[in-house]
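Enquirer: First the structure, then my questions, so here it is.
Readers should treat all values here as calculations from the given coordinates under stated rules, not as data from a laboratory. Computed from a predicted model, the values in this text were never measured in an experiment. All Cβ positions, glycine included, derive from the backbone under ideal geometry; neighbour counts span all protein chains shown.
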Amino acid sequence: MSEVGAAEPWAVRETALPRSEEDLRQAESIFALANGHIGLRGNLDEPHPCGMPGTFLNSLYEEREITYPEAGYAFPERTQTVVNAPNAKPITLRVGDEPFDPRTGTLTRHERVLDLRAGTLTREVEWTSPGGAEVRIRSVRLVSFQRPSVTATRYEAYADAPLTVESDLVVNEELPGGRDDPRASAIIEDPFETISYDRDVLLHRTKTSRLEVAAAVTHTGAEGTVSSSPLHIRWTATGHGSITFDKFAAYRWNETDPREQALKDRDAAARDGFDVLLDEQRAYLDDFWDGADVEVDGDPDIQQAVRFGLFHVLQAAAQAGPHPIPAKGLTGNGYDGHTLWDTETYVLPVLTYTHPDCAGMALRWRHSTLGAARSRARELRLDGASFPWRTISGPECSGYWPAGTAALHVNADIADAVLRYYQATCDEDFMRTAGRELLDETARLWQSVVYLDEQGLGHIAGVTGPDEYTALMDDNIYTNLMAEQNLRAAGSPVRLHVPYDEQRQVHDQSAGFTRLPAWDFSDEDYPLMLHHHYLNLYRKQVIKQADLVLAMVKRPDAFTTEQKRRNFAYYEARTVRDSSLSAPVQAVLAAELGHLTRAHEYLAEAALLDLRGSGESGGDGLHIAACAGAWTALVMGFGGLRDHDGRLSFVPRLPPRLTRLAFHLRWRDGRLAVTIKPDAVTYEAKHAPVDFHHHGDHVRLAAGERVTYPLEPVEDLPAPPTPRPPRTISA
């Protein structure tokens with residue numbers, strides 16, 4: 001577990017050097033900085049110790065062939081893997097003849113602070129060298145939200161000895177070996193070939209995908225000399241007692257003349273100076289938090305975690321622009337840097353209500369890949385578009401089709417995100433230029449896979465729903481209900497079958513699910529997929545992640561409250577939450593049904609997964625959907641937010657430990673502030689009128705108007721049994 005200090009409301013603090021490589025990799029993910037365009041893992045300034053180096057440029061990838069023991073028709077032949085871009089982070093210090101290395105000498109202070117309001121990573125070190133020299137180091141790193149291509153570092157070193165600093169830009173770094181985990185990334189060694197280099201900029205090209213990237217660096221504040229080679233630029237400066245300088249780097253890739261653009265961006269940043277970049281960063285975040293902040297009284301860990309999660313969701317999306325939002329953001333190379341359905345289903349709802357411009361950019365990126373999705377549909381002998389399970393630039397990159405190509409629900413997830421964004425923003429330009437075509441082309445696919453029975457009821461056969469432990473089933477409820485919504489929005493309404501087990505009085509997750517053999521949950525090692533073959537998982541009643549529960553959250557109109565209660569109890573006893581996508585959804589429905597303590601526990605599991613838990617694969621990057629899940633569990637769970645069919649509504653309630661919950665939403669031209677206390681809820685409209693529903697009653701507030709309603713106490717009902725108790729519970 002990484003050495004993260006006690007919970008602070010607006011910062012994450014590391015108070016000791018991580019003790020193991022696993023802890024170091026986790027910390028590098030937690031302290032990553034990004035802006036959706038560029039991502040810097042939270043490596044130390046000096047090259048060592050290092051768990052996994054990482055400078056990621058969104059959609060800078062290398063292509064690889066997919067090999068199959070037995071290939072088949074329409075199996076993807078190539079995949080894409082994010083590569084470690086030229087690294088401008090390394091700064092090496094020598095004190096006299098001794099290198100600064102925190103693993104040697106005496107380290108009396110090591111502290112790093114991720115400031116969620118300033119958007120910076122600050123490090124302070126006090127160290128005595130083996131030779132007795134006393135050294136102080138302070139560095140401040142940022143990745144600019146206002147300038148998508150720019151990163152900057154301010155570095156200060158003080159000692160009672162001569163100092164030499166070497167600041168590097170390095171290409172084709174040595175990477176650690178991969179892990180035996182399907183979520184881990186492939187390791188691409190030496191992905192770049194050199195095009196040109198000089199003292200100003202390195203220009204390289206990936207060897208197979210042929211993407212060009214330019215990286216330019218410069219330094220201000222101290223005199224130094226520059227040397228360069230095809231894979232390296234080094235700036236060297238010396239001083240006696242102190243050295244202070246600012247380092248600026250700019251990246252451009254996959255565009256016309258990236259070299260000149262990188263130089264232009266770098267020079268503009270250096271000319272304006274580090275302090276200007278700091279002010280711009282703070283201004284950007286001030287505006288973001290004004291419309292996105294969540295305040296939690298009664299649980300300091302959750303207060304820190306929800307802001308940490310929102311910050312990393314923003315970092316994954318802020319300047320993504322013509323690129324996707326990967327499942328790990330730009331904090332690591334997990335899942336090969338691919339984007340999955342997580343983005344539309346878990347991340348975009350948060351962005352729609354906290355930073356809608358980011359949601360719009362992400363959906364426009366999806367629209368830009370429509371050609372690849374149409375081609376894939378034709379290859380599958382289907383109409384319309386078939387969007388990929390995993391991709392970076394648009395083509396399907398998943399070679400495991402039962403949990404990939406067969407998961408057709410990704411089409412409906414995209415349509416759902418389009419509808420939510422449009423209803424929340426009324427962005428007519430988006431709907432005209434991208435949204436309508438996305439709705440129509442996703443619906444055309446459903447028209448070609450839905451078949452009608454003798455009663456005219458629609459069915460979808462042989463698909464995989466969100467639960468990846470149950471594959472190739474008929475009439476998955478989530479898929480059917482979301483496809484039904486997609487078809488209705490495209491003007492082709494059809495009623496799809498919703499399986500129901502009359503004997504057990506619960507819905508079938510998919511046709512026949514409740515009649516599958518039971519799974520033996522005793523003495524299990526999780527995640528199950530690393531200990532059991534899918535042959536066993538697919539044929540039993542064991543659920544990886546919320547599936548029918550997700551359907552009940554996304555399509556509340558399709559279930560009665562009593563049906564939700566029985567369904568939740570039945571599926572709670574069969575869900576092992578081997579995915580970070582599960583706990584937030586279960587928290588929402590648990591809160592709706594009155595299992596408030598269990599909802600709080602699932603909130604904590606999602607919110608603290610990377611920050612204070614083991615993070616499982618978090619060393620390869622944060623789980624951005626889980627980061628979004630903290631907001632989801634709080635705002636949709638305890639805030640009771642629902643947004644079905646463009647109707648904004650709230651049914652608020654608090655768990656016993658929370659004494660106050662306040663959050664902000666952007667809705668059309670206005671912003672809505674909601675404050676929930678155990679006995680009352682207050683709504684306040686800002687900037688423009690806001691329409692919504694409270695416990696089913698319509699409310700319209702003028703700009704600046706507020707209203708308070710009393711809340712009746714809600715009994716905290718005992719939670720139904722679960723095979724895997726919540727894993728992370730705040731103190």
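Enquirer: Would you mind checking which residues have amide H under 5 Å from residue 494's amide H? H placed 1.01 Å from N; only 5 or more apart, or other chain.
Expert: Answer set, sorted by chain and number: 488.
Enquirer: I've got another one for you. Go through segment 712-720 residue by residue and turn each phi into a ³J(HN,Hα) via Karplus (6.51, -1.76, 1.60, θ = phi - 60°); whole Hz please, and just put x for glycine and proline.
Expert: Each residue of segment 712-720 in turn: 7, x, 10, 5, 7, 6, x, 7, x Hz.
Enquirer: A further question on this structure: Would you kindly derive the ³J(HN,Hα) couplings of segment 404-416 from the backbone phi angles with the Karplus curve 6.51 cos²θ - 1.76 cosθ + 1.60 (θ = phi - 60°), listing them in order in whole Hz, with x for Gly and Pro?
Expert: Coupling constants for segment 404-416: x, 4, 6, 7, 5, 4, 4, 4, 5, 5, 5, 4, 4 Hz.
Enquirer: For segment 207-261, place one equal point scatterer on every Cα, skip the solvent, and apply the Debye formula. What is log10 of I(q)/I(0) at q = 0.15, 0.28, 0.30 Å⁻¹?
Expert: Here the Debye-derived log intensity ratios amount to -0.57, -1.16, -1.21.
Enquirer: I've got another one for you. Which three extents, in whole angstrom, do the alpha-carbon atoms of segment 273-350 cover along their principal axes, largest first?
Expert: If we take the Cα atoms of segment 273-350, the spans are 41, 32, 20 Å.
Enquirer: Provide the FRET efficiency to the nearest 0.05 for the residue 518-residue 436 pair, computing r from the beta carbons and using R0 = 56 Å.
Expert: In this case the efficiency is close to 0.75.
Enquirer: Antiparallel versus total DSSP beta bridges in segment 568-721: what percent is that, nearest 5?
Expert: 95 percent
Enquirer: Still on this model: Calculate for the chain the 222 nm mean residue ellipticity that helices alone would give, adding -39,500 (n - 2.57) per DSSP H run of length 4 or more and normalising by residue count, nearest 500 deg cm²/dmol.
Expert: Value at 222 nm, helices only: -8000 deg cm²/dmol.
Enquirer: Check which residues have an amide H placed less than 5 Å from residue 519's amide H, if you skip close sequence neighbours.
Expert: Sorted by chain and number, the residues that satisfy this are 541.
Enquirer: What number, in percent, do you get for the relative contact order of segment 613-731 if the mean sequence gap of Cα pairs under 8 Å and at least 6 apart is divided by its residue count?
Expert: Result for segment 613-731 is 17 percent.
Enquirer: Quick one: grab the alpha carbon gyration tensor of the chain, order the square roots of its eigenvalues as a ≥ b ≥ c, and give me rounded if a/c is under 1.5, else prolate or oblate depending on whether a/b is larger than b/c.
Expert: It comes out prolate by the Cα gyration axes.
Enquirer: Let me ask you something else. Quick check: residue separation of residue 566 and residue 186 times 0.36 nm, minus the Cα distance between them. What number comes out in nm?
Expert: Full extension from residue 566 to residue 186 adds 132.5 nm.
Enquirer: Going by average Cβ density within 10 Å per residue, which order do the peptides 199-210, 20-31 take, highest to lowest?
Expert: Ranking the peptides 199-210, 20-31 by packing returns 20-31, 199-210.
Enquirer: Separation of segment 479-513 and segment 210-279 by C-alpha centroid, Å?
Expert: Cα centroid to Cα centroid, the span is 56 Å.
Enquirer: So, one more: Restricting to Cα pairs below 8 Å that are 6+ residues apart, what does the relative contact order work out to for segment 57-129? Please round to a whole percent.
Expert: Computed value for segment 57-129: 22 percent relative contact order.
Enquirer: Counting DSSP beta bridges with both partners in the chain, what percentage is antiparallel, nearest 5?
Expert: Just about 95 percent of them are antiparallel.
Enquirer: Would you please put 575-583, 589-597 in order of how densely packed they are, using the mean number of other Cβ atoms within 10 angstrom per residue and starting with the highest?
Expert: By packing density, highest mean first, the sequence is 575-583, 589-597.
Enquirer: Of the listed peptides 343-356, 123-136, what is their order by residue-averaged count of other C-beta atoms within 10 Å, with the highest listed first?
Expert: 343-356, 123-136
Enquirer: Go through segment 228-243 residue by residue and turn each phi into a ³J(HN,Hα) via Karplus (6.51, -1.76, 1.60, θ = phi - 60°); whole Hz please, and just put x for glycine and proline.
Expert: 9, 8, x, 10, 7, 10, 10, 10, 10, 9, 10, x, 10, x, 7, 9
Enquirer: Next up: In whole angstrom, how far apart do the alpha carbon centroids of segment 61-112 and segment 306-330 sit?
Expert: First find each Cα centre; the distance between them is then 20 Å.
Enquirer: Now, a different point. Which of rounded, prolate, oblate describes segment 523-646, given a ≥ b ≥ c as roots of the alpha-carbon gyration tensor eigenvalues and a/c under 1.5 marking rounded, otherwise prolate only if a/b is larger than b/c?
Expert: Oblate is the answer for segment 523-646, as a/c is 1.5 or above yet b/c matches or exceeds a/b.
Enquirer: Under 20 Å from the 7 Å Cα→Cβ point of residue 357, by amide nitrogen: which residues of segment 45-78?
Expert: Backbone N within reach: 58.
Enquirer: Mean separation of Cα pairs under 8 Å and 6+ residues apart, divided by the residue count of segment 521-664: what relative contact order is that in percent?
Expert: 20 percent.
Enquirer: Treating each Cα of segment 249-314 as an identical point scatterer and ignoring solvent, apply the Debye formula and state log10 I(q)/I(0) at q = 0.19 Å⁻¹.
Expert: Debye intensities relative to I(0), on a log10 scale: -0.84.
Enquirer: Taking the Cα centroid of segment 414-436 and of segment 646-696, what is the distance between the two, rounded to the nearest whole Å?
Expert: About 23 Å separates the Cα centre of segment 414-436 from the one of segment 646-696.
Enquirer: Give 328/677; 207/328; 207/544; 540/564; 89/328; 89/544 a once-over and call out the pairs whose C-alpha atoms are over 28 Å from each other.
Expert: Pairs exceeding 28 Å: 328/677; 207/544; 89/544.
Enquirer: While we're on this one: Is the shape of segment 204-358 rounded, prolate or oblate, going by the alpha carbon gyration tensor and its root eigenvalues a ≥ b ≥ c, with a/c under 1.5 for rounded and a/b larger than b/c for prolate?
Expert: In terms of gyration-tensor shape, oblate.
Enquirer: What nm distance separates the two modelled labels at residue 536 and residue 494, each placed 7 Å from Cα along Cα→Cβ?
Expert: The modelled label-to-label distance comes out at 3.9 nm.
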